[in-house]
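Below is one structure, written out as structure tokens; the observations come after it.
The values are calculated or read from the model by the stated rules, or taken from the named source; none is laboratory data. Treat the numbers as computed from the prediction; the structure is a model and nothing was measured. Here the Cβ positions follow ideal geometry from the backbone for every residue, glycine too, while neighbour counts run over all protein chains shown.
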Amino acid sequence: MKNLNLNKHYYTNLLPSSMLRNIFRHSYFILLFVLMSVIYFVARPMVTLDSYWVIPTSLSLLNEGNFDLDEYRNYGLEESYAAIRMENHYFNYFPYGISILITPIVSVLNLFFKEALFFKYHAHLEKLCASILILFSLSILYKLSTHFLSNRMAAILVFVIGLGTPLLSSGSRALWQHSGSVLLLSLALLLLVSKKQTKVSITFLGVILVFAYVVRPTNIIPLVSISFFVFYLYPVQRLNYLSSFLISFCIFFLINYFTFGEIFHPYYQSNRLSFDWDVFRIALLGNLFSPNRGIFIWSPVLLIIFLTFFISIRYKLIALLCVSIIILHSLAISMFPHWWGGHSVGPRFFTDIIPFFVLILSLVWKKFRKNHLFTLTFLILATISMSIHISALFSKRTQLWNIRGGDVNEFPERIWDWNKPQFFPFE
């Protein structure tokens, strides 16, 4: 009996630590996350001039403490649609928020890369930075989903979202603002659904939402919507939230004023949107259901959000918030003259709000998790979605589609061409 007790004590000591038990608990997600990471990092970069000055702006912040690009005139810097001249200085025309967000990554790269290499390999470095941001977002979305689903189900859902939505085919391919947008909105949603709201979490939520707006102006929609939600549900925290909100905006305005001489960067001007009913209705249908830009064609797994009506009444309010943001975002991007996103891949403009789809899908799956028909439908739609985006990711012809058969910016009617859609990998 004594030996038996000794053996029992010996094996008890061999039990894994709390850290190892935690790893084992999330092992399903870890394995799928590693697989996603490999796919993200081996994918081809997307060459786009829109984001050409994002990393140089980060370098300017690190090396000179400012946003201007004057020091890069030897690298083709001139006034163009991607670079503007204000107050006798050159700046990136697109929002500088993403440059701030990737500064930690660029600071590490700056230890190993000479300045010229940042320009020579800009497409590959952009893809690296964007992929890191999206993968970090997916880990946050996994944590978000575990509030409603088992760890295994949450891991499967995030795996499908990571490989079957514009997060893969657009968000991770270049440093448009989308990757930063997804990261910040994912974090905002995680803070919002946390079981215990504290002064610190609500204050931080205000900062995150303003930062999301700085990264991409369309995030004014989740900013305003979530603010109303916070004011309604957490009256005790209103002052803390409002204080962080106002202070963050003041910092934003001051940066703009001392940098550009105006409280708003030109990209944030409302005249970028316009409303023409004939264009709007085509754009809205195109953004939802066209073969080359429709979110529900490229990611049919997201059609599951139409089952939101059946979820538990306990989650109706948070679901209504997410659905409202998705609808308002769809309307906003349909008022943009180039609603198809120029020379991009698939429904790029929907990338930012994928976190809201994830929360809704988590709630719907929680409701129907024991329904075999739902499970089968989900798997079929997920397989189609992942096939489409992975095809678009690796095919060299994907981005060439934008100019093959006529420049899509000159012939936007090509958005409706079902003959050979953009994700089709063959001639």
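The condition of being closer than 28 Å to Lys316 by Cβ, touching a His at 6+ places or on another chain (Cβ under 9 Å) and of a type in the set (Phe, Trp, Tyr) holds for only one of Phe374, Phe378, Phe368, Phe356, that being Phe356. Against the condition of a type in the set (Gly, Ala, Ser), in a helix (DSSP H, G or I) and under 25 Å from Ser51 (Cβ atoms), how does Ser225 come out, does it pass? Spelling it out, it is not the case that Ser225 is of a type in the set (Gly, Ala, Ser), in a helix (DSSP H, G or I) and under 25 Å from Ser51 (Cβ atoms). The sole residue among Phe204, Phe245, Phe229, Phe260 that is crowded, with 16+ Cβ neighbours inside 10 Å, in contact with a strand residue (DSSP E or B) (Cβ under 7 Å, 6 or more places away or on another chain) and at pLDDT below 95 is Phe260. Here Ser60, Ser80 are screened, and the one residue that is surrounded by fewer than 17 Cβ atoms within 10 Å (Cβ to Cβ), out of contact with any Lys or Arg (no Cβ under 6 Å at 6 or more places or on another chain) and among the hydroxyl-bearing types (Ser, Thr, Tyr) is Ser80. Tell me, please, whether a residue that is within 25 Å of Thr351 (Cβ to Cβ), more than 24 Å from the chain's Cα centre (by Cα) and assigned to a helix (DSSP H, G or I) can be found in segment 258-271. Yes - at least one qualifying residue is present in segment 258-271.
Taken over segment 55-94, residues that are in contact with a Ser or Thr (Cβ under 9 Å, 6 or more places away or on another chain) and within 21 Å of Glu262 (Cβ to Cβ) amount to 16.
The single condition among (1) among the hydrophobic types (A, V, I, L, M, F, W, C); (2) at pLDDT 90 or above; (3) crowded, with 21+ Cβ neighbours inside 10 Å that Phe423 does not satisfy is (2).
Under the condition of being out of contact with any helix residue (DSSP H, G or I) (no Cβ under 6 Å at 6 or more places or on another chain), among the β-branched types (Val, Ile, Thr) and closer than 23 Å to Gly342 by Cβ, the residues counted in segment 20-54 number 1. Looking only at segment 359-377, residues that are crowded, with 21+ Cβ neighbours inside 10 Å and more than 23 Å from Leu192 (Cβ to Cβ) come to 0 in all.
A single member of Thr375, Thr383 is of a type in the set (Ser, Thr, Tyr), free of Cβ contacts under 8 Å to residues at least 40 places away in the same chain, farther than 17 Å from Phe296 by Cβ and not in a loop (DSSP other than H, G, I, E, B), and it is Thr375.
Only residues that are assigned to a helix (DSSP H, G or I), polar (S, T, N, Q) and within 18 Å of Leu189 (Cβ to Cβ) were counted in segment 121-150, giving 3.
For Trp339, the criteria (1) in contact with a Gly (Cβ under 8 Å, 6 or more places away or on another chain); (2) within 15 Å of Pro166 (Cα to Cα) hold in every case but one, which is (2). A count restricted to segment 337-384 and to residues that are of a type outside the set (Val, Ile, Thr) and closer than 24 Å to Arg404 by Cβ stands at 13. Checking each residue in segment 105-149 for being of a type in the set (Lys, Arg) and buried (at least 21 other Cβ atoms within 10 Å of the Cβ) picks out only Lys127.
Scanning segment 386-414 for residues that are aliphatic (A, V, I, L, M), buried (at least 18 other Cβ atoms within 10 Å of the Cβ) and outside any helix (DSSP H, G or I) turns up just one, Val408.
Does segment 150-167 contain at least one residue that is touching a Leu at 6+ places or on another chain (Cβ under 6 Å), at pLDDT below 95 and crowded, with 24+ Cβ neighbours inside 10 Å? No - not one qualifying residue is present in segment 150-167. May I ask you to list the residues in segment 272-311 that are over 23 Å from Ser344 (Cα atoms) and touching a residue at least 60 places away in the same chain (Cβ under 8 Å)? Hits for segment 272-311 are Ile304, Leu307. Restricting attention to segment 342-358, the residues that are surrounded by 23 or more Cβ atoms within 10 Å (Cβ to Cβ) and in a loop (DSSP other than H, G, I, E, B) total 4. Residues that are surrounded by 14 or more Cβ atoms within 10 Å (Cβ to Cβ), in a loop (DSSP other than H, G, I, E, B) and not hydroxyl-bearing (Ser, Thr, Tyr) within segment 272-294 comprise Leu273, Pro291, Asn292, Arg293, Gly294, listed in sequence order.
Screening segment 300-334 for residues that are crowded, with 17+ Cβ neighbours inside 10 Å and of a type in the set (S, T, N, Q) and picking the one that is nearest to Leu381 (Cα to Cα) gives Thr308.
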